[in-house]
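Shown next, in structure tokens, is the structure this report addresses.
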Amino acid sequence: MSEAKNYGADSIQVLEGLEAVRKRPAMYIGDVGQKGLHHLVYEVVDNSIDEALAGHATSIQVTINEGNSVTVKDDGRGIPVAVHTKENRSALEVVMTVLHAGGKFDKDSYKVSGGLHGVGVSCVNALSSHLQVNVHRDGKEYVQEYSIGKPLYPVKEVGNSNYRGTIVTFQPDASIFFEATYQYDILAARLRELAYLNRGIRIQLTDNRDKDDEGVARTQEFHSEGGLREFVAFIDESREALIPQPMYMEGEIEGIPVEVAMAYNTSYAENIHSYVNNINTHEGGTHLTGFRRALTRTLKKYADESGILTKEKLEVAGDDFREGLTAVISVKVMEPQFEGQTKTKLGNSEVSGAVDRIVGEMLTNYLEEHPNEARIIVQKVILAAKARIAARKAREMVQRKTVLGGNSLPGKLADCSETDPAQCEIFLVEGDSAGGTAKQGRDRKFQAIMPLRGKILNVEKAMQHKAFENEEIRNIFTALGVSIGTEEDSKALNTAKLRYHKIVIMCDADVDGSHIATLIMTFFFRYMKELIENGYIYIASPPLYLVKKGSKSAYAWNETQRDQIARDLGGEEQTGIGIQRYKGLGEMNAEQLWVTTMNPEGRTLKQVTIDNASEADRIFSMLMGDDVPPRREFIEKNARYARIDA
Ligand code: 0RA
């Protein structure tokens, strides 16, 4: 607090504000792991996006520096530096050190961007061991530095400048974050998303930790003039489009700007990504409700009037209009109310009417102006309705069977004795033989084993009723205790009935195994996403090597470890060393499998998470869909990460 004394009573209060952030950082940025670490960047970038949305900045540069500090630079007006009369210090210092002070100086501007927690740059400052801000404005350059949010000196002028803009460099505080390394791909996915959501803005990402032989750093520029239209096309890159161009709708009602792009593809999945003020609203809300209502009403009206529906004598349901639909909805709301478990559900009731009217009117026009596309869409809807009816029959048959069968658990499941789901784990194991080993090796008190035969159905390509008819998939559903169905309300129910809070996918550590793991993850992603969102899905990591010398041996999970162990056991010459490469789980005996992969004391489980929903959607459709070239390209590009990411 010593530097603070010079700044008078006001600043002491200020420091208390930032102290609170350091005391309970998770309350402000979500967590202090990888998510929170990346959130710091988004928080700073959001200020620059606001400046661009206000029409004063055109480009934003994000640089990951060596040592994992990050620089965010924009060409906006520069944060004001004049001394703030009431506070008796520079406006810049107030913005950087007072919680929620960010917008105070520019009331007129339309400030709608902002991270999920919308806490402002002062929060980033509080959680940085060092932060420096340089402001270029009015022909001058100004600078101030901070340590854990406390100014090291008053704002000072350092010279002339003919540049204009704000540059913030921060070093996340290592005593707060347990994860210190920025992931290029995570930042890239979010910055790309921001570029699509805010068309015209140029966002560049550079990684100075990753330089080629000529010393040129890895870099990418994200920029979209087409905005949401191009976003939808990008998400659907690997899907086969039903109509040549995404539909696009835009308007503003009662000060609520609404933008929607949508396209139909030949798949059976519904992929609607909704955003409020650039934040992905995973749990939906009023904007999504408005969209669905307008879509169902407008398409149904068109189908009824065109006479195609009456001919078919079909009862179409809301779901049928959304099969094979990829859509992005983006609204800007001045005072958003976020609700729900993860605070990503929009509550503002006025938004649903705005979206409904804009989508209703513009979609009606579209259908009238594009009769060919309209016919294709209606045919798709009819197909979906027929498939849904077939799926319901299949589902009812399955449910009847399980009821009649008495014991509803599948025969292949070796259940555990514990009944509290929070204590229970289920291993989904590739192959009957490894399944047998796992059954011998497990702790039967809390670990259940479910062997899966070979490759499960690829749900990315199969229609719903095929999935419900598939024996392996039915077995997974019944073993987990959740019911089959995709209706909204059944989801909360599903998580409540879940019999295990750890679902561990255990496959061979080879190409086939990782393909099978991906098939299973695709299944969860498309049919039970809420289990991933709740953090229930894990991947086991069996070792890759057993290094032996005489009676001594140790396991290795990668090549570096293997070589280290070989050196430790065998000395410099490494004589008498034997290395066994495990190709499959089957090469381990029950004891080895327990020790390395199943015992909570020594194993490593990788939790499956969704960092970025639209990116996950795109990648699953690419990995599991029909289109081969982009898949090959992705696997080649990511091959060296594949094991870490799995
Ligand atoms: C308030 C007022 C003005 C600029 C900004 C905020 C501003 C903030 C950030 C944060 C990152 N980059 C930024 N760029 C600008 C300017 C008001 C004026 O010049 O009249």
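The values are calculated or read from the model by the stated rules, or taken from the named source; none is laboratory data. All figures in this text were calculated on a predicted structure; none of them were measured in a lab. With ideal geometry, Cβ positions are generated from the backbone for all residues, glycine too; neighbour counts draw on all protein chains shown. Ligands, DNA and RNA are excluded from the accessible area calculation, which covers all protein heavy atoms including side chains. Shrake-Rupley method; radii C 1.70, N 1.55, O 1.52, S 1.80 Å.
Looking at the structure I just gave you, is GLY139 surrounded by fewer than 15 Cβ atoms within 10 Å (Cβ to Cβ) and either on the phi > 0 side of the Ramachandran plot or within 16 Å of the ligand (Cβ to nearest atom) (or both)?
So GLY139 passes the test.
Considering only segment 42-65, state which residues are more than 25 Å from the chain's Cα centre (by Cα) and either more than 10 Å from the ligand (Cβ to nearest atom) or assigned to a helix (DSSP H, G or I) (or both).
GLU51, GLY55, THR58, listed by residue number.
Find the residue count for segment 377-396, including only residues that are more than 32 Å from the chain's Cα centre (by Cα) and open to solvent by 20 Å² or more (accessible area, probe 1.4 Å).
6
Of THR281, THR289, which residue is polar (S, T, N, Q) and open to solvent by 60 Å² or more (accessible area, probe 1.4 Å)?
That would be THR289, the only listed residue that is polar (S, T, N, Q) and open to solvent by 60 Å² or more (accessible area, probe 1.4 Å).
Which condition does ARG202 not pass, out of (1) in contact with a His (Cβ under 6 Å, 6 or more places away or on another chain); (2) under 19 Å from TYR28 (Cα atoms); (3) within 16 Å of the ligand (Cβ to nearest atom), if it passes all the others?
Among (1) in contact with a His (Cβ under 6 Å, 6 or more places away or on another chain); (2) under 19 Å from TYR28 (Cα atoms); (3) within 16 Å of the ligand (Cβ to nearest atom), the lone unmet condition for ARG202 is (2).
Taking segment 316-358, which residues are farther than 18 Å from SER614 by Cα, of a type outside the set (Gly, Ala, Ser) and part of a helix (DSSP H, G or I)?
ASP319, ASP320, PHE321, GLU350, VAL351, VAL355, ASP356, ARG357, ILE358
Go through the residues of segment 618-641 one by one and say whether even a single one is outside any helix (DSSP H, G or I), modelled with pLDDT of 85 or more and within 33 Å of the chain's Cα centre (by Cα).
Within segment 618-641, none of the residues are outside any helix (DSSP H, G or I), modelled with pLDDT of 85 or more and within 33 Å of the chain's Cα centre (by Cα).
Which residue is farthest from the ligand (Cβ to nearest atom), if the candidates are limited to segment 66-81 and must be open to solvent by 30 Å² or more (accessible area, probe 1.4 Å) and touching a Ser or Thr at 6+ places or on another chain (Cβ under 7 Å)?
Step by step, filter segment 66-81, then rank; the result is ASP75.
Can you tell me which condition GLY115 does not meet? The list is (1) modelled with pLDDT of 95 or more; (2) crowded, with 24+ Cβ neighbours inside 10 Å, and all the others hold.
For GLY115, the exception is condition (1).
Can you tell me which residue in segment 522-540 is modelled with the highest pLDDT, limited to those that are in a loop (DSSP other than H, G, I, E, B) and open to solvent by 10 Å² or more (accessible area, probe 1.4 Å)?
Ranking the candidates gives TYR536 first.
For segment 162-199, which residues satisfy the criterion of being hydroxyl-bearing (Ser, Thr, Tyr), open to solvent by 60 Å² or more (accessible area, probe 1.4 Å) and within 16 Å of the ligand (Cβ to nearest atom)?
Of everything in segment 162-199, just one residue is hydroxyl-bearing (Ser, Thr, Tyr), open to solvent by 60 Å² or more (accessible area, probe 1.4 Å) and within 16 Å of the ligand (Cβ to nearest atom), namely TYR163.
Residues in segment 345-366: is at least one modelled with pLDDT under 95 and open to solvent by less than 50 Å² (accessible area, probe 1.4 Å)?
no
Does VAL328 satisfy the criteria of being open to solvent by less than 20 Å² (accessible area, probe 1.4 Å), touching a residue at least 24 places away in the same chain (Cβ under 8 Å) and either over 19 Å from the mean Cα position of the chain (by Cα) or on the phi > 0 side of the Ramachandran plot (or both)?
The answer is no for VAL328.
Looking at (1) part of a strand (DSSP E or B); (2) touching a residue at least 24 places away in the same chain (Cβ under 8 Å), which is the only condition ASN458 fails?
Of (1) part of a strand (DSSP E or B); (2) touching a residue at least 24 places away in the same chain (Cβ under 8 Å), only one is false for ASN458: (1).
Do you know which of the residues in segment 505-521 that are of a type in the set (A, V, I, L, M) and part of a helix (DSSP H, G or I) is farthest from the chain's Cα centre (by Cα)?
Looking at residues that are of a type in the set (A, V, I, L, M) and part of a helix (DSSP H, G or I), I get VAL511.
Looking only at residues that are surrounded by fewer than 18 Cβ atoms within 10 Å (Cβ to Cβ) and under 16 Å from ILE473 (Cβ atoms) in segment 400-412, which one is modelled with the lowest pLDDT?
Among residues in segment 400-412 that are surrounded by fewer than 18 Cβ atoms within 10 Å (Cβ to Cβ) and under 16 Å from ILE473 (Cβ atoms), the one modelled with the lowest pLDDT is THR402.
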